Structure formats: C-alpha cells, structure tokens
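A.B. asks: Before anything else, here's the structure in question.
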Amino acid sequence: MERAHINQQINITEPLMARINELISHYPADKRKSALLPVLHEVQDAHDNWLSIDLQNKVAEILEIQPIEVYEVVTFYTMYNQRPIGKYMFEFCQTSACCLNGVENLMDYTCNKLGVKVGEPTSDGLFEVRGVECLGACGYAPMMQLGDFYQEHLTEVKIDQLIADCKEGKVTLHDK
Ligand code: FES
C-alpha cells in the first residue's frame with residue numbers, strides 16, 4: 001500500500017496525550033519506543049482510522065524516535081492504514097478455512113451490493129472491503145473483522161443485516 005500524501009488534521013487532545021503517556025509509562029524510561037504499536041492504535045483510532053505521514057511524524061516526535069522507525073511499523077502491519085478508509089471496513093479472512101466455506105463468494109456479494117471493488121471505499125466513505133490473512137477464528141468460518149469485533153459464520157443474509165445496521169449507526173466498532 002502506498003503511503004498517503006493527503007492532508008490530515010492532527011489533533012492530539014489532552015485525553016489522547018494522557019492515554020499515550022499512560023502507555024509509555026508501561027515501559028522503562030529509555031525504552032519509549034516499546035509503546036509504539038499501542039500508541040499507533042490509539043492515535044489512529046482518534047484520527048478517523050488512518051495515519052498520514054505528518055501524523056506518523058508526530059508519533060515519532062512524541063516517542064522521541066526517528067520517523068523511519070514509525071514508517072517501518074506502519075508499512076508492515078495491515079491494521080495501520082496509510083490512507084483514508086471506509087468507516088466500516090469489512091476485513092474478510094481469505095485463508096483456507098474461510099475460502100473452503102465460501103468467503104470469496106461473500107466478498108463478491110458484498111462488493112456488488114456496495115458497488116465497489118476490494119480496497120476501494122464507497123463514495124460516501126462509509127464502507128470498504130478488504131481481504132486479510134487468517135484471523136485465528138477458523139472454526140467460525142467464513143468470518144471477517146469489523147472494527148475490534150469478529151463477525152462469524154457469515155451468510156449473505158448476515159451481510160445484508162450488517163450493512164443495514166452500519167447505515168443506521170447501530171454497529172459499534174471499538175471495544176472501549
Ligand atoms: S482461515 Fe479464516 S479465520 Fe482462519
């Protein structure tokens with residue numbers, strides 16, 4: 001995925017900074033970098049679920065590390081988004097158990113219903129579909145992750161309901 005060069009409003013609020021400091025406090029004073037992954041999650045959650053270069057630079061400044069050390073992490077892990085994404089990101093597992101249980105058909109069904117291709121947000125910015133590797137819930141295949149939660153034993157009917165619930169703002173994305 002390319003790194004985005006799109007402007008993003010950076011807003012490190014007092015509560016966010018307090019949470020970051022709390023995370024940093026879990027590690028020795030000379031190992032602030034150890035807090036990088038959880039700090040990136042917090043900062044991303046507070047910034048519409050993506051991390052611009054400027055925001056990554058800000059995280060580097062807070063943790064007193066080099067920007068490249070942040071870029072290395074953000075570009076490695078798919079849970080960090082380098083561009084604006086759909087608010088409701090349907091992350092379908094595309095590994096063996098889910099494939100054997102029809103996930104590819106469900107992804108096609110979802111894309112057709114939303115009028116998008118994989119990796120392309122809907123024009124209203126509400127939805128996006130992505131394929132990911134095994135999410136460790138193989139016994140519940142076919143499944144996907146939506147925010148912090150798993151949606152399991154998926155069917156077309158379940159997907160219809162999820163999309164409707166998202167549109168009505170009934171779906172919680174974060175567990176905190
Ligand atoms: S194969 Fe889909 S969760 Fe493991």
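The values are calculated or read from the model by the stated rules, or taken from the named source; none is laboratory data. No experiment lies behind these values; they were computed from the predicted model shown. FYI the Cβ positions are ideal-geometry reconstructions off the backbone, even for glycines, and counts take in every protein chain you see. SASA here: full protein model, heavy atoms, side chains in, ligands and nucleic acids out. Shrake-Rupley method; radii C 1.70, N 1.55, O 1.52, S 1.80 Å.
A.B. asks: So which GluC sites (Glu not before Pro) in segment 97-176 end up in coil per DSSP with only 16 or fewer other C-beta atoms within 10 Å?
C.D. replies: In loop regions of segment 97-176 (DSSP not H, G, I, E or B), the sparsely surrounded GluC sites (Glu not before Pro) are E133, E152, E168.
A.B. asks: Past 30 Å, Cα to Cα, is the threshold; run K33/K158; K117/K158; K87/K158; K58/K167; K117/K170; K31/K176 against it and keep the listed order.
C.D. replies: Among K33/K158; K117/K158; K87/K158; K58/K167; K117/K170; K31/K176, the Cα-Cα distance tops 30 Å for K33/K158; K58/K167.
A.B. asks: Further question: If R0 is 25 Å, what FRET efficiency do you get for T122 and E152 from their C-beta distance, rounded to 0.05?
C.D. replies: After rounding to 0.05, the efficiency reads 0.60.
A.B. asks: Kindly report the accessible area of the chain per residue (heavy atoms of protein chains, probe 1.4 Å, no ligands, DNA or RNA), in Å².
C.D. replies: That works out to 55 Å² for each residue.
A.B. asks: For the chain, give the share of DSSP beta bridges that are antiparallel, in percent and rounded to the nearest 5; count only bridges with both residues there.
C.D. replies: 50 percent
A.B. asks: Then there's this: Output the relative contact order of segment 88-167, whole-number percent, from Cα pairs under 8 angstrom with separation of 6+ residues.
C.D. replies: Relative CO of segment 88-167 lands at 38 percent.
A.B. asks: Net charge within 11 Å of K158 by Cβ-Cβ distance, Lys/Arg positive one each and Asp/Glu negative one each, not counting K158 itself?
C.D. replies: Summing Lys and Arg as +1 and Asp and Glu as -1 gives -4.
A.B. asks: Hey, another quick one. Determine ³J(HN,Hα), in whole Hz, for all residues of segment 36-43 in sequence, where each value follows from phi through the Karplus function 6.51 cos²θ - 1.76 cosθ + 1.60 and θ = phi - 60°; x replaces Gly and Pro.
C.D. replies: 4, 4, x, 5, 4, 4, 4, 5
A.B. asks: Taking every DSSP beta bridge that has both residues in segment 88-167, what percent is antiparallel when rounded to the nearest 5?
C.D. replies: Looking only at bridges with both residues in segment 88-167, the antiparallel portion is about 50 percent.
A.B. asks: In addition: Using alpha carbons only, what's the Rg to Rh ratio of segment 14-76 with Rh from Kirkwood?
C.D. replies: 0.93
A.B. asks: Quick one: angle between helix 67-76 and the longest Cα principal axis of the chain, in degrees between 0 and 90, rounded to 10, please.
C.D. replies: 20 degrees
A.B. asks: Keeping all protein chains in place and using 1.4 angstrom, which order do K167, K31 fall into by accessible surface area, from largest down?
C.D. replies: Heavy-atom accessible area, descending, gives K167, K31.
A.B. asks: Taking amide H positions as placed 1.01 Å from N in the peptide plane, with prolines and chain starts having none, which residues 5 or more places from A46, or on another chain, fall under 5 Å of its amide H?
C.D. replies: Those qualifying (amide H under 5 Å, at least 5 residues apart or on another chain) number zero.
A.B. asks: Once amide H atoms are placed 1.01 Å from N in the peptide plane, what residues at a sequence separation of 5 or more from F127, or on another chain, have their amide H within under 5 Å of its amide H?
C.D. replies: Residues meeting the criterion, in which the H sits 1.01 Å from N, are K87, Y88, T122.
A.B. asks: Next question. Under the rule that a partner needs its Cβ under 4.7 Å from the first Cβ, which Cys of the chain have none?
C.D. replies: Those would be C99, C111, C134, C138, C166, since no other cysteine Cβ in the chain comes under 4.7 Å of theirs.
A.B. asks: Viscosity 0.692 mPa s, temperature 37 °C: what is the translational diffusion coefficient of the chain from Stokes-Einstein with a Kirkwood Rh over Cα pairs, rounded to a whole number of µm²/s?
C.D. replies: Reported coefficient: 189 µm²/s.
A.B. asks: To the nearest 500 deg cm²/dmol, what mean residue ellipticity at 222 nm is calculated for the chain from DSSP H runs of n ≥ 4 alone, each contributing -39,500 (n - 2.57), summed and divided by the residues?
C.D. replies: -12000 deg cm²/dmol
A.B. asks: So how tilted is helix 156-167 from the main axis of the chain? Cα-based, degrees 0 to 90, rounded to 10.
C.D. replies: Between the helix axis and the principal axis of the chain, the angle is about 50 degrees.
A.B. asks: In addition: Could you let me know the centre-to-centre spacing of segment 39-58 and segment 130-154, using Cα atoms, in angstrom?
C.D. replies: 24 Å
A.B. asks: Would you kindly derive the ³J(HN,Hα) couplings of segment 84-89 from the backbone phi angles with the Karplus curve 6.51 cos²θ - 1.76 cosθ + 1.60 (θ = phi - 60°), listing them in order in whole Hz, with x for Gly and Pro?
C.D. replies: Each residue of segment 84-89 in turn: x, 10, x, 4, 9, 8 Hz.
A.B. asks: For S52, list long-range residues whose amide hydrogen, built 1.01 Å from N in the peptide plane, is under 5 Å from its own amide hydrogen.
C.D. replies: Correct list: empty.
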